[in-house]
C-alpha cells in the first residue's frame, strides 16, 4: 500500500492570506483536509511567517468533497506547494468515513465511547507522510489541526499522542538522529470551536471555502445532521458569526 503523491501547483489570485516571497522563511508542512480546523491551522502557520507546503491525503474517505475544498483553500492562500497523497485506508474499512456499509451516526458522541467515525491509524499515516516530506524539504515543522476539546473522542487527537509521535519522529529519521528537533505544531489543541473560528476570522479566513461534513455531497453541501456539522454550526453560533456553510438540511 504505497502512497501516491501528486502535485497541485498553487494559483495566484485573490488570496485570503497573501503569499510571502521571503525565501528565508522557514518551510513547514501543513496537513490540509479542506475542513475548518486545518484551514485555520494553515492561516496560523502563514501568520507565524512559515513558508507553507500543504499536504492533503486521499485515504478513501466518503466525504471526498473536502479534497476539492482543500484545492480552493490552497489556491486562496497562494501556498508555495500543495500536494495530494493517496493511501487507501478504505480497503480495510472499520470506519463510517471509509466504509459505505457503516452508517454515519446522526447522534452526538457518547462520553468515553470512541465513535465509528474514527479512522484507524489515520493521523499516524498522515503525520508519517508529512514527516517524510518535511525531511526532504529540510523542514523541522509540521502543522496539524487536531483538537482535544471540541472533538469526537479520537485517540489520535490527544496531546500525549502528539508528543509520542514527536519523539518517534526524532528517533526514526536521519534528520532527527543528526540532531534536528522536529516539532509537531498543534495550535488548535486547547481551543473551543468558537475560539478557532474567531481566530480564523481575525486572520481573514473565508470559511465558505471549507467543508467539514462527514457525508457532504459532490457539490460540497453539508448534511446538517452529523457530528461534524453540529460542532461546526454550534461553533459559529457561539462565536457570534454567520455560518457560511451550505446545508442540505440546516442543523437544529
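The values are calculated or read from the model by the stated rules, or taken from the named source; none is laboratory data. All values reported here derive from a predicted model rather than from experimental measurement. Because the Cβ atoms are built from the backbone with ideal geometry, glycine has one as well, and the counts that use them run over all protein chains shown.
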- Note on the structure: Screening 188, 129 for residues that are surrounded by 16 or more Cβ atoms within 10 Å (Cβ to Cβ), touching a helix residue (DSSP H, G or I) at 6+ places or on another chain (Cβ under 9 Å) and at pLDDT 95 or above leaves only 188
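Examine the range 8-17 for a residue that is at pLDDT 90 or above and either surrounded by 24 or more Cβ atoms within 10 Å (Cβ to Cβ) or in contact with a helix residue (DSSP H, G or I) (Cβ under 6 Å, 6 or more places away or on another chain) (or both), and state whether such a residue exists.
Start the filter on the range 8-17 by keeping residues that are at pLDDT 90 or above, which leaves none.
No, there is no match, as no residue in the range 8-17 is at pLDDT 90 or above and either surrounded by 24 or more Cβ atoms within 10 Å (Cβ to Cβ) or in contact with a helix residue (DSSP H, G or I) (Cβ under 6 Å, 6 or more places away or on another chain) (or both).
Yes or no, residue by residue, for (1) part of a loop (DSSP other than H, G, I, E, B); (2) under 18 Å from residue 132 (Cβ atoms):
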{"site": "24", "(1), (2)": "yes, no"}
{"site": "29", "(1), (2)": "no, yes"}
{"site": "44", "(1), (2)": "no, no"}
{"site": "52", "(1), (2)": "no, yes"}
{"site": "55", "(1), (2)": "no, yes"}
{"site": "63", "(1), (2)": "yes, no"}
{"site": "68", "(1), (2)": "no, no"}
- Of all residues in the range 194-205, which are touching a helix residue (DSSP H, G or I) at 6+ places or on another chain (Cβ under 6 Å) and either at pLDDT below 95 or part of a loop (DSSP other than H, G, I, E, B) (or both)? 203, 205
- From the option list 169, 216, single residue qualifying as crowded, with 21+ Cβ neighbours inside 10 Å and assigned to a loop (DSSP other than H, G, I, E, B) is 216
- Scan the range 120-147 for residues that are more than 14 Å from the chain's Cα centre (by Cα) and in a loop (DSSP other than H, G, I, E, B) and jot them down. 120, 121, 138, 139, 140
- Message: Is it the case, given these coordinates, that residue 79 is assigned to a loop (DSSP other than H, G, I, E, B) and in contact with a strand residue (DSSP E or B) (Cβ under 7 Å, 6 or more places away or on another chain)?
- Response: yes
- If you go through the range 138-163, how many residues are surrounded by fewer than 17 Cβ atoms within 10 Å (Cβ to Cβ) and more than 27 Å from residue 212 (Cα to Cα)? 1
- Filter pass, residue 37 being at pLDDT below 95, over 22 Å from residue 218 (Cβ atoms) and not in a loop (DSSP other than H, G, I, E, B): no
- Item | Residues that are touching a residue at least 40 places away in the same chain (Cβ under 8 Å) and crowded, with 16+ Cβ neighbours inside 10 Å, drawn from the range 172-182 | 173, 175, 180, 182
- In the range 224-244, how many residues are in a loop (DSSP other than H, G, I, E, B), at pLDDT 95 or above and crowded, with 16+ Cβ neighbours inside 10 Å? 1
- Message: Given the criteria within 20 Å of the chain's Cα centre (by Cα), farther than 20 Å from residue 147 by Cβ and either assigned to a loop (DSSP other than H, G, I, E, B) or in contact (Cβ under 8 Å) with a residue 24 or more places away in the chain (or both), does residue 208 qualify?
- Response: yes
- Query: in contact (Cβ under 8 Å) with a residue 60 or more places away in the chain and either surrounded by fewer than 22 Cβ atoms within 10 Å (Cβ to Cβ) or in contact with a strand residue (DSSP E or B) (Cβ under 9 Å, 6 or more places away or on another chain) (or both): does that describe residue 48?
  - Reply: no
- Does the range 24-32 contain at least one residue that is crowded, with 24+ Cβ neighbours inside 10 Å, within 16 Å of residue 205 (Cα to Cα), touching a helix residue (DSSP H, G or I) at 6+ places or on another chain (Cβ under 6 Å) and touching a residue at least 60 places away in the same chain (Cβ under 8 Å)? yes
